[in-house]
Amino acid sequence: MGNTRVIVAVYGPREVQNKSQQNNNQALVRCEYSMANFSTGDRTRRQKGDRRSTEISLVIRQTMEASILTHLMPRSQIDIFVQVLQADGGTRSACINAATLALADAGIPMRDIVTSCTAGYLCSTPLLDLNYVEDSAGGPDVTVGILSKMDKVTLLQMDAKLPMDIFENVMQLAIEGCKAIANYIREVLLENTKQLESRRGG
Amino acid sequence: MATSARGGGEGEAAAGGGGGGGAAAEMEVEAYRRLFPVAYFERHLRESVRLDARPLASPRDTSVALGLVGSADGSALVKFGDTTMVAAIKLEVMTPPAESSDEGSVAVEFYMPPICSPTVRPGRSAEVAPVISKQLSDVIMSSGMINLKDLCLINGKASWIAYLDIYCLNADGSLFDAALVSTVAAFTHLEIPLVSVSDDGRVVTVPGELEGKTKLPLVNKDKRKLMLNNVPFSLTCGLHKEHILVDPTAEEESIIETFVTVVLDTLGRVVSVYKPGGSVLAYTSILKECITLAKRRAQQLRNILNESVSAMEVDKSS
């Protein structure tokens, strides 16, 4: 998304690696988020388990879990690995969008396409999809993740203060952004399926 | 199981037993492939062909793209078939130690995040990652590709340290070769930023626009490029019984136990030969053949790299 570049790999459903966590009724979803050392402006040696990575891993996992039909794959595990190559704001959203595409590519059954987008409010204007410079300006930053066709919100995060009516505007803007991304993702998936179909000769 | 995108079709054609290519026959071939990998592999070798229908001495399609990561000073993306590597260099200013006061330094780190292979588990890093890290930094130093004195800014006070991070995004064999090509490509793309000395004696990087404003622009003209001499290129061959297989994939690497990696430089001199054990004992004739194959591959890689450099320069000037 813009200058933010993210790559996601999905492995699974496969055998649960940690037998003690195995769930007999549904699949286990695991997510790991990591940023490359060169992804931000200053090269920082990131520790694997640092707080921000763990928090974002949790957020992505719970957002995707809401959409994956886990009861169809009991006693198995689905791994979502996210690697950020270049970060310029909105990494959380880029990761969720990429994870949706990866899960669809892996053929894992989902309720709906999950898309996410950020929006903010600077100089009395609501702004869609903030980059790093706009984000660091200190205004509020709302991240929204929705199930597009079902019109349900699975993720909503915000920091900084915002009056209620402006918040509604900003959230509405973010939801529209999510819907636009969902349309684009849907087109890409259809295109991909057509290519697969023609390659198979079916 | 998530189905892989590998063409079961090529395997069928070579094995000859795949019937009319119906779904049942395809499943039997896949099952045979998983249950008896060595037999499946040797059946292919008898026809002088490999699992992905390549001839024995032919490497995979290689592509190099420069400048992938905008936030880094130099970066490159390299693909050998499915093996994908991203390398990026970030330069920082440091005070050089007393014994090498006119030299900079290079720190190489190779990462295999769990994204690259189903066998890499989060929490436990891949066994082969630090080995490749060490091999890479040894080759860079011993080939003399970079003159560390080029990385010096002010003798005794400031010099560059180049942090090279290589991330493997997809591990499908020949990891060291791909990592080395991505290192070379990233250094080719590297542009050293302008610096000047601030009033309190600290060295600060100057963004392009402020060139005229500050006191001492230390770097001559524009952003400077590093002079690379004796660029190393490598080739890994797998030895199985009496066959030599060039550029093995991950599946082949799991069956073959013996590998030879030869690193050559631009003048065709051998920089390093690496054969870590293995059940096949190689005679000098086999090693000589590996070196010949490596020469051919080095020429190929050099052409690909030069093409991508000129492609990038066209992009920049347009």
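Can you tell me the dipole magnitude for the stretch A:5-201 around its Cα centre, using point charges on the Cβ only (Lys, Arg +1; Asp, Glu -1), in Debye to the nearest 20? Intermediate values should be presented prior to the final figure.
Values: 22 positive and 22 negative charges, 176 e Å.
Here the stretch A:5-201 has a charge dipole of around 840 debye.
Sort A:Arg30, B:Arg296 by heavy-atom solvent-accessible area, probe 1.4 angstrom, most to least.
B:Arg296, A:Arg30
Using a 1.4 Å probe on the protein heavy atoms only, what accessible surface does B:Thr95 show? Give it in Å² to the nearest 10.
Solvent-accessible area, nearest 10 Å²: 100 Å².
For B:Ser101 and B:Lys157 in one chain, what is 0.36 nm times their gap in residues minus the Cα-Cα distance, to one decimal in nm?
Residue separation times 0.36 nm, minus the Cα-Cα distance, leaves 19.4 nm.
What relative contact order, as a whole-number percentage, does the stretch A:82-202 give when Cα pairs under 8 Å and 6 or more residues apart are counted?
Worked out over the stretch A:82-202, it gives 24 percent.
Among B:His189, A:Met171, A:Gly89, whose Cα projects farthest towards the positive end of the dipole of the protein assembly as shown, with charges put on the beta-carbon of Lys, Arg (+1) and Asp, Glu (-1)?
Final value for the positive-end residue is B:His189.
What order do A:Arg61, A:Arg75 take when sorted by accessible area (1.4 Å probe), most exposed first?
Working: A:Arg61 70, A:Arg75 125 Å².
The most accessible residue leads, giving A:Arg75, A:Arg61.
Could you look at the stretch B:62-190 and say what percent of its accessible area is carbon and sulfur, using a 1.4 Å probe and all protein chains?
Working: 2220 of 4420 Å².
The computed percentage sits at 50.
Run the dipole for the protein assembly as shown about the Cα centre, Lys and Arg Cβ at +1, Asp and Glu Cβ at -1, nothing else charged, and hand back the magnitude in debye, nearest 20.
In debye, rounded to 20, the protein assembly as shown gives about 700.
Take the alpha-carbon centre of the stretch B:172-189, take the same for the stretch A:81-124, and report the distance between them in whole Å.
29 Å
To the nearest 0.05, how large is the calculated FRET efficiency for B:Asp138 and A:Glu15 if R₀ is 35 Å and r is the Cβ-Cβ distance?
With a Förster radius of 35 Å, E is 0.40.
For the protein assembly as shown, how big is the tail of P(r) above 33 Å, as a whole percent of Cα pairs?
50 percent
Can you work out the FRET efficiency for the pair B:Glu92 and B:Ala25, with r the C-beta to C-beta distance and R0 = 51 Å, to the nearest 0.05?
Working: r = 58 Å, r/R0 = 1.14.
According to the calculation, E is roughly 0.30.
Restricting to the protein assembly as shown, compute how many DSSP beta bridges are antiparallel as a %, nearest 5.
If I count the DSSP bridges inside the protein assembly as shown, around 85 percent turn out antiparallel.
Once each part is reduced to its C-alpha centroid, what is the distance from the stretch A:159-184 to the stretch A:26-40 in angstrom?
25 Å
Could you give the length gained on full extension between B:Glu289 and B:Ala65, defined as 0.36 nm per residue of separation minus the Cα-Cα distance, in nm?
Gain in length upon complete extension: 77.6 nm.
Which GluC sites (Glu not before Pro) in the stretch B:235-290 pass both tests, a DSSP loop state and at most 13 other beta-carbon atoms within 10 Å? Display every interim value, and only then the final one.
Working: sites: B:Glu242, B:Glu251, B:Glu252, B:Glu253, B:Glu257, B:Glu289; in loops: B:Glu242, B:Glu257.
Loop-located and lightly packed - B:Glu242, B:Glu257.
Mind checking how much accessible area A and B bury in total, 1.4 Å probe, in Å² rounded to 100?
Its buried surface, counting both partners, is about 2100 Å².
How far apart, in nm, are the 7 Å Cα→Cβ label points at A:Arg186 and A:Leu72?
1.9 nm
Projected area of the stretch A:35-141, taken from the Cα convex hull and averaged over every viewing direction, in nm²?
Orientation-averaged projected area of the Cα hull: 8.0 nm².
Find which of B:Leu175, B:Ile146, A:Ile78 sits farthest along the positive direction of the dipole of the protein assembly as shown, computed with +1 on the beta-carbon of Lys and Arg, -1 on that of Asp and Glu, about the Cα centre.
B:Leu175
If each residue of separation counts as 0.36 nm, what is the full-extension length gain between A:Arg51 and A:Leu196 once their alpha-carbon separation is subtracted?
Here the answer is 48.2 nm.
Can you give the mean number of other chain Cβ atoms that lie within 10 Å of the Cβ atoms in peptide B:158-171?
For this peptide, the per-residue mean of nearby foreign Cβ atoms is 2.
No solvent, one uniform scatterer per C-alpha: report log10 I(q)/I(0) for the stretch A:102-159 via the Debye equation at q = 0.14, 0.18, 0.29, 0.30 1/Å, two decimals.
Reported log10 I(q)/I(0), two decimals: -0.49, -0.69, -1.11, -1.16.
Any idea what the relative contact order of chain A is, in percent, if you count C-alpha pairs under 8 Å spaced at least 6 apart?
22 percent
Pop the C-beta distance of A:Glu168 and B:Arg124 into the FRET formula with R0 = 35 Å and round what comes out to the nearest 0.05.
That gives a FRET efficiency of 0.15.
In whole Å and largest first, what semi-axes does the C-alpha gyration tensor of the stretch A:5-201 yield when each eigenvalue is scaled by 5 and square-rooted? Write out the running numbers ahead of the final one.
Details: eigenvalues 167, 86, 59 Å².
They are 29, 21, 17 Å, listed largest first.
Over the heavy atoms of B:Met94, what accessible area does a 1.4 Å probe trace out, to the nearest 10 Å²?
50 Å²
Sort out for me the Cα centre separation of the stretch B:57-125 from the stretch A:52-75, rounded to whole Å.
If we compute the Cα centre of each part, the gap is 30 Å.
Using every alpha carbon pair in the stretch B:62-190, what percent of pairs falls into each 5 Å bin from 0 up to the bin containing the largest distance?
Whole-percent P(r) values from 0 Å outward: 2, 12, 20, 21, 19, 13, 8, 4, 2, 0.
Going 7 Å from the Cα of B:Leu56 toward and past its Cβ, which residues in the stretch B:260-301 have a backbone nitrogen under 19 Å from where you end up?
Answer for the stretch B:260-301: B:260-262, B:279-297.
With a 1.4 Å probe and every protein chain left in place, tell me how much accessible area B:Lys134 has, in Å² to the nearest 10.
Using a 1.4 Å probe on the heavy atoms, I get roughly 120 Å².
For chain A, what is the accessible area per residue in Å², given a 1.4 Å probe and the full set of protein chains?
Numbers: 10390 Å² over 202 residues.
Roughly 51 Å² per residue, with all protein chains present.
The values are calculated or read from the model by the stated rules, or taken from the named source; none is laboratory data. It should be emphasised that the depicted structure is a prediction, and the values quoted were computed from it without experimental measurement. Positions of Cβ are generated from backbone atoms using ideal geometry, with glycine treated the same way; all protein chains shown enter the neighbour counts. Remember, those area values only see protein heavy atoms, side chains included, never the ligands or the DNA or RNA. Shrake-Rupley method; radii C 1.70, N 1.55, O 1.52, S 1.80 Å.
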